[in-house]
Amino acid sequence: MKNLKYLLSLLLLGAGMAKTNAQTENTIFPIVTIPIPKEVALEVGGMTFLPNDELAVATRRGEVWIITNPYMKDGQQPKYRLFAHGMHEILGLSYIKGDLYLTQRAELTRLRDLDGDGEADEYRTMYSWPLSGNYHEYAYGPMLDKDGNMVVTLNLGWIGFGESMSKWHGWMLKFTPDFKMKPFATGFRSPAAFALNNSGDIFYAENQGDWVGSGSITHVEEGDFVGNPAGLIWADQPDSPVKLRKKDIPDTGEPKYDVAKRVPGLKTPSVWIPHSIMGNSTSGILSYSDNGNMGPFKGQLFVGDQAQSKISRVFLEKVKGVYQGMVFPFREGFSSGILRMNWGSDGSMLVGMTSRGWSSTGKEEYGLQRLTWSGVMPFEVQTVKAQPDGFELEFTMPVDEKTARNAGSYKLSTFTYKYHHIYGSPVINQSPRSIKAIVISPDHKRVRLVLDSLKEGYIHEIKTEGIRSENGNTPLLHNYGYYTLNKIPDGEKIVATDENKPTGAMEADHAMQGMDHHNMKNMASTGEKVTGSTDAGKHVTKQPESWKNGVVKTILLGTKPGLKFNITNLTLKAGTKVKLTFANTDDMLHNFVLTTPGSGNVVGEMVMKMGLDGEKYDFVPNSVKVIAHTSLLQPGKSDTIYFTVPKTPGIYPFICTYPGHYMVMKGQIKVVK
């Protein structure tokens, strides 16, 4: 009923208005594809610019390529030359004080061209760390911190759960200019990216997994423990700055913020990036410094997502000494899975991508693209700042006062995630927030929302779908975002008065009373959000009584590395009774969903619209296109279901509907008479 009220209020806002002038990402922020020669497998793991404006690109295949003219100036094609090769899974590259440095699986390496022929002659190990041989022991970096130290992070291994199988894995390490190593912080699971903000503070990006309910970026300081206990096995070493031990970390499933109150040293995210909505695999961080030219967002961070091939925007503020802030959508539609981003000399953003083994919505296996700004001002929420009684939204251009003052223009709620050893987390403790007062600044560029309450430590969803610009009736380019409220600021609270009382709520109530059931049903069906499936008949886990005397076909389905089912083609007779057991032997969450002919991609796309409820429903949408499904399975778990093969012959796709996986994790059942 509340969602319907909100929809009605938005419709009332639009009644009688002139046609909107909607902006698009494509026109405001065009993407330019940089061609790659067929013989170059540019699976980007690291990128850095050289002083002559050539782009150095390191690949997961252990090569470093130098690209001349990546901007394609004067219509000229870029030129590629191989600078170094024969290394192991490079996932970071930096040009530091005249040399190229990179991380391989087991070492920090320096490359030098000693004879000036354009190829590396010296591959020097500057520091090495032990490996167990586990495939998940990725290494990232280096990055130069504000004091001139190099920073590297080491992944945990994976054995059905994250484990530090060799020394310092799960840690952030620092190296002095003379390459003495100092452990800096731990609790990392898969710290694929880190960067400095404009104040020189370190932020790192984490991916959902065990002890990680959703992706996030976190401010890292010396001695921090950021959440995954596996790395604490090395915390007793003499040079460790971390005081916590594994036994100190409770596994209760409470919100991480609540646990941190009792466990000094446990660091909570600066900004949560809600899983499946804002991304699946946070990958690269790029600070919007003076080197960039990407719209009116200087000082903010851009955060890439490997699985969803898109970039988010993060506004940070410090409240009571703690970082917090808002993540917004920014640009989607890249050709592959984003891993690295750099500023070019022209202010454009160079975006390096790879997807082999790591599914992405961008269909290419790898790619290199440039994100540019057209110069057209996007109508966006530029910043969101916490207030003692709500939030102040600042816009990039003046807003229309009528829509800004209408409570129906907004929708706010709060939620969080569980902190536990289980892979990921559903949304928990979700509740709506109501608006008590709205104050608009004289220039119409700031709107202060006074709420019924704030929840410290929680994520605040802020939707602004009804807002329009003052001139041109333009809707926002992106009308939602998520603010992580770690500290409620002090200050004067606004008292609700007749003058600042929101409009809209009463009109929506009256409109609902005058609507017949048929119209209400039609309006509800036009909403963007897709609900989850609650049809028990599509997830049958016990053999039906009527099958006792019949022949049942048993199918054992599993996974393969690289987001694949181990069986992708089955032929079954129409009407066959099937007992299917799906075993997830991968290191990510998966399910099995059987769809009607031609519906695999459609069902996968529906999942992207399920919002915060997705994981609660195992990422299975409520649709007649879904025939049968398993539950969403943790790594190492299995589920057995029973279903009857449809009577109509045809090709019936089956997919994993975990967000983004459907693009590559799929198969088909051929039904014959």
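Among the residues making up segment 120-160, a single one is touching a His at 6+ places or on another chain (Cβ under 7 Å), within 19 Å of D224 (Cβ to Cβ) and touching a residue at least 60 places away in the same chain (Cβ under 8 Å): L156. Among the residues of segment 388-406, those identified as within 21 Å of K298 (Cα to Cα) and of a type outside the set (A, V, I, L, M) are F391, E392, E394, F395, T396, P398.
The number of residues in segment 301-319 being farther than 21 Å from T361 by Cβ and either in contact (Cβ under 8 Å) with a residue 40 or more places away in the chain or crowded, with 23+ Cβ neighbours inside 10 Å (or both) comes to 5.
Quick check on this structure: which one of I435, I440 is surrounded by 19 or more Cβ atoms within 10 Å (Cβ to Cβ) and farther than 30 Å from R60 by Cα? Working first, answer last.
Working: I440 fails: surrounded by 19 or more Cβ atoms within 10 Å (Cβ to Cβ).
Only one candidate passes the filter, namely I435.
For segment 324-342, the tally of residues that are hydroxyl-bearing (S, T, Y) and surrounded by fewer than 22 Cβ atoms within 10 Å (Cβ to Cβ) stands at 1. For segment 249-276, what are the residues that are farther than 15 Å from H460 by Cα, touching a strand residue (DSSP E or B) at 6+ places or on another chain (Cβ under 9 Å) and either among the aliphatic types (A, V, I, L, M) or assigned to a loop (DSSP other than H, G, I, E, B) (or both)? Across segment 249-276, the qualifying residues are I249, T252, G253, E254, V259, A260, V263, G265, L266, K267, T268. Is it the case that I277 is under 26 Å from N26 (Cβ atoms) and out of contact with any His (no Cβ under 9 Å at 6 or more places or on another chain)? Criteria met by I277. Within segment 217-240, the set of residues being touching a Ser or Thr at 6+ places or on another chain (Cβ under 9 Å) and closer than 19 Å to G141 by Cβ comprises I217, T218, H219, D224, V226, N228, G231, W234. Of all residues in segment 614-629, those that are assigned by TED's automatic domain parsing to the domain that holds L557 have Cβ atoms under 8 Å from Cβ atoms of residues that are among the aromatic types (F, W, Y) and assigned to a loop (DSSP other than H, G, I, E, B), 6 or more apart or on another chain, in F619/Y658; H629/F592.
Scanning segment 152-175 for residues that are surrounded by 24 or more Cβ atoms within 10 Å (Cβ to Cβ) and within 20 Å of D99 (Cβ to Cβ) yields one hit, V152.
Within segment 565-588, take every residue that is closer than 27 Å to S214 by Cβ and surrounded by fewer than 23 Cβ atoms within 10 Å (Cβ to Cβ) and give me the one that is modelled with the lowest pLDDT. Full working, then the answer.
The first filter runs over segment 565-588 and keeps only residues closer than 27 Å to S214 by Cβ, leaving 565, 582-588.
Cutting the leftovers down to surrounded by fewer than 23 Cβ atoms within 10 Å (Cβ to Cβ) gives us 565, 583, 585-587.
Numbers: F565: 96, A583: 97, T585: 92, D586: 89, D587: 85.
Per the criteria, the residue is D587.
The values are calculated or read from the model by the stated rules, or taken from the named source; none is laboratory data. Source: prediction; values computed, not measured. Every residue, glycine as well, gets a Cβ built from its backbone with ideal geometry; the counts of neighbours run over all protein chains shown.
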